[in-house]
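Participant: Quick one: structure below, then a few questions.
The values are calculated or read from the model by the stated rules, or taken from the named source; none is laboratory data. All figures in this text were calculated on a predicted structure; none of them were measured in a lab. Glycine gets a Cβ as well: all are built from the backbone with ideal geometry, and neighbour counts include every protein chain shown. Heavy atoms of the whole protein, side chains included, go into the accessibility calculation; ligands, DNA and RNA do not. Shrake-Rupley method; radii C 1.70, N 1.55, O 1.52, S 1.80 Å.
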Amino acid sequence: MVAGVSQPGSPVPARLADIAQQARVSEATVSRVLNGRSGVASATRQRVLAALDILGYERPVRLRQRSAGLVGLVIPELTNPIFPAFAQVIERALAGYGYTPVLCTQTPGGATEDELVEQLVERGVTGVVFLSGLHADTSADPARYTRLAGRGVPFVLINGFNERIGAPFVSPDDAAASRMAVRHLRELGHRRIGLAVGPHRFVPVRRKVAGFEAAVAEENARGSADGRPVTGVVRHTLFSLEGGQAATAALLDDGCTGVVCGSDMMALGAIRAVRQRGLAVPGDVSVIGFDDSQLIAFTDPPLTTVRQPVAAMASAAVHALLEEINGNPVQHTEFVFQPELVVRGSTAAAPAG
């Protein structure tokens, strides 16, 4: 037994064997970590601490590190699973460097991004990570970020490049994502392809539309065996399941047999719209999402989607922010990451005729 390590609400101490098995290390290594001794690699120490957390044991007081500072993470919502996915990776990375993440979520009728940032600054945050915030909205005033920089608060922005903001940006290649999706559907024989995306004022939307239109033009320039052209139809809607459903209903009226969506949530709405017409996915209509959030592989049918490289993007954002915090300015430009098409069960050959 190890004194001073117990489960919350229970007097039963942790067993070295349980922790060692969970962390995949020896009991002697666990003992050294719990007693604060040297001679243990940092990665191994983190595995032991993670095992304590997973098994529900409290960490000994001697192992509780002092925070290097607070870092705000401002995200638009938690209902779309891609945002919690980003938040989890970012928070884990920050904690690994000793920083305490502070999650700020916007809700309808709740605090605005500006209000959340003001609260963070009042609490003395060391830096801020913005995910799909107002920086991605071309109708929003970018001066708010200039003012934040003027107050000496470093920040980094994910998804939505704005050349008027002097900061590091991290983005997926949205245009490439659309091209991958169109190419996949064209290879399956679809000739009328729809794109369901959010409002046109958002930078990622504009890039997806540009990539989609370019891909359709490329396919027509290449030609096809049957000599029939590819037609692309774009429908703007809300970034939600209901938005995807509404846009897809309109695309079905336009005769589309393949639908590319701006998010996985929209793709789930697209599948609902297809089924409400008495049609099948993928037998009658193929659907492609964007994000590849964790549970998407288990939908009915499993969703073909374009995967955002969440781990790589989140890690790059954290590293850029920490460089800025440590006084080593990072190039104020956009770091673009390549997405990946993940083919599952929601796409198939175009229906005959």
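Participant: Yes or no: segment 82-92 includes at least one residue that is farther than 20 Å from S263 by Cβ and open to solvent by less than 30 Å² (accessible area, probe 1.4 Å).
Facilitator: no
Participant: How many residues does segment 297-319 contain that are open to solvent by less than 10 Å² (accessible area, probe 1.4 Å) and either among the β-branched types (V, I, T) or over 22 Å from V197 (Cβ atoms) (or both)?
Facilitator: Residues flagged as open to solvent by less than 10 Å² (accessible area, probe 1.4 Å) and either among the β-branched types (V, I, T) or over 22 Å from V197 (Cβ atoms) (or both) within segment 297-319 amount to 6.
Participant: I'm checking my understanding of the structure. Among residues of segment 25-72 that are open to solvent by 80 Å² or more (accessible area, probe 1.4 Å) and β-branched (V, I, T), which one is modelled with the highest pLDDT?
Facilitator: Looking at residues that are open to solvent by 80 Å² or more (accessible area, probe 1.4 Å) and β-branched (V, I, T), I get I54.
Participant: Sticking with this one: Quick check on my filter: what residues within segment 184-206 are over 30 Å from H135 (Cβ atoms) and open to solvent by 10 Å² or more (accessible area, probe 1.4 Å)?
Facilitator: Hits for segment 184-206 are H184, R186, E187, L188, G189, R191, R192.
Participant: Which residues, counting only those in segment 330-353, are closer than 14 Å to L157 by Cβ, of a type in the set (V, I, T) and either touching a Gly at 6+ places or on another chain (Cβ under 8 Å) or outside any loop (DSSP other than H, G, I, E, B) (or both)?
Facilitator: Result: V336, single match.
Participant: Could you count how many residues in segment 235-268 are in contact (Cβ under 8 Å) with a residue 60 or more places away in the chain and surrounded by 19 or more Cβ atoms within 10 Å (Cβ to Cβ)?
Facilitator: Selection size over segment 235-268: 13.
Participant: So in segment 127-164, with the set limited to residues that are over 16 Å from P204 (Cα atoms) and touching a Lys or Arg at 6+ places or on another chain (Cβ under 9 Å), which one is surrounded by the fewest Cβ atoms within 10 Å (Cβ to Cβ)?
Facilitator: A143
Participant: Just to check your reading of the model, which residue among A214, A210 is open to solvent by less than 60 Å² (accessible area, probe 1.4 Å) and in contact with an Asp or Glu (Cβ under 9 Å, 6 or more places away or on another chain)?
Facilitator: Working: A214 fails: in contact with an Asp or Glu (Cβ under 9 Å, 6 or more places away or on another chain).
Only one candidate passes the filter, namely A210.
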